[in-house]
Amino acid sequence: MFERYEQLKSILGVDHPILLAPMDRVAGGRLAAAVTDAGGFGIIGGGYGDETWLREQFAAARGARIGVGFITWSLSRQPHLIDVCIEHSPAAIMFSFGDASKHIERTKKAGILAICQVQTVAMAREAVSQGADIIVAQGAEGGGHGVACGTISLVPAVVDAVGEMVPVVAAGGIADGRGFAASLALGASGIVLGTRMYASEEAIGHDDAKRRIVDCTGGEQTIRGILFDIARDNVWPAPYTGRVLRNEFSEKWVGRERELFQQIHEERARYSSARENHDYDTAAVIAGESAALIHDVLPARLIVGNIVREMDAILGYSLYAQNRTVTSST
């Protein structure tokens, strides 16, 4: 399993194949740089695409070797943002949710790695045929948008389908070294961390949002659906739904989506006000089931270090690396 691990380390130029999820408005330049400085690979969350914000976050990264990620169907409405990214020479651009073929071509012509996040085996095969250098297999346990396939079944299926051609990285429900070790055992070459990195000191998220992640005691305290997309007037194309922490708003409206649409003018204004005022009884905290495994807000370097040490204690990577060094020198 460590051969795949070493391959991804080499491709990304990192000490640890731990990627920062490009969380919109949470994974800024400071957090991306901190993950890279810790030996992982930081990725700015380009999200729906905001040129001014992107430029600010590249500046905040202070020249660190990082990537940037986009919601593909939104990026396709403003493809010039690829050129904005190329100006800043990221090591990789990550595409999630939608046909990335044209963007992959532009990215690779610029000598930049193309990472594609997928939610099914069919999506993985298509992304590889389009030239993806790395595939992220995202399970439904993760925070934010996705589909119904669970990480533990999706990852090995994607590895079986495309793992001989490109590295496969696991995402969704991973927050500690146990999840890292399990992902490697499933055939993944590395992991993506989202919710765990939301609860980091460098993440842009509000302290109250981070506290709610830390206070979560079980995956059942999250919910997947379109309630919050309805409330913010941003319903995604099928089949994507979003996972967030349950709150008073979700408990009021779950199962009443049609009624929410009927009252949208009133509820949209209330929801917008709640977001602006960090009222998380109404506004969503986008987080996955792994929130139940997070008990503190830490600097990114400690999060990466702790996860690597725990994985090593389970799988013995350091012994493998030592033997590999001895063998290669004899």
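Checked against (1) closer than 30 Å to G42 by Cβ; (2) out of contact with any helix residue (DSSP H, G or I) (no Cβ under 8 Å at 6 or more places or on another chain), A292 passes all but a single condition, namely (2).
Summed over the stretch 273-305, residues that are under 16 Å from V244 (Cβ atoms), out of contact with any Gly (no Cβ under 9 Å at 6 or more places or on another chain) and in a helix (DSSP H, G or I) total 2. Checked against the criterion of being of a type in the set (F, W, Y), surrounded by 13 or more Cβ atoms within 10 Å (Cβ to Cβ) and under 21 Å from the mean Cα position of the chain (by Cα), the candidates F249, F228 yield just one match: F228.
Results for (1) touching a helix residue (DSSP H, G or I) at 6+ places or on another chain (Cβ under 9 Å); (2) aliphatic (A, V, I, L, M); (3) touching a residue at least 40 places away in the same chain (Cβ under 8 Å), shown as yes or no for each residue.
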residue	(1), (2), (3)
E51	yes, no, no
S76	yes, no, no
I82	yes, yes, no
Q117	yes, no, yes
A140	yes, yes, yes
G143	yes, no, yes
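Condition (residue is part of a helix (DSSP H, G or I), at negative phi and among the basic types (K, R)) applied to the stretch 22-42: is it met by at least one residue? Looking for residues that are part of a helix (DSSP H, G or I), at negative phi and among the basic types (K, R), one finds at least one in the stretch 22-42, hence yes. The listed residues are A148, A175, A124, and the only one of them that is among the small types (G, A, S) and not in a loop (DSSP other than H, G, I, E, B) turns out to be A124. Annotation: of all residues in the stretch 145-155 being hydrophobic (A, V, I, L, M, F, W, C) and touching a residue at least 60 places away in the same chain (Cβ under 8 Å), the one that is surrounded by the fewest Cβ atoms within 10 Å (Cβ to Cβ) is A148.
None of the figures in this text is laboratory data; all of them are computed from the coordinates on show. Source: prediction; values computed, not measured. Every residue, glycine as well, gets a Cβ built from its backbone with ideal geometry; the counts of neighbours run over all protein chains shown.
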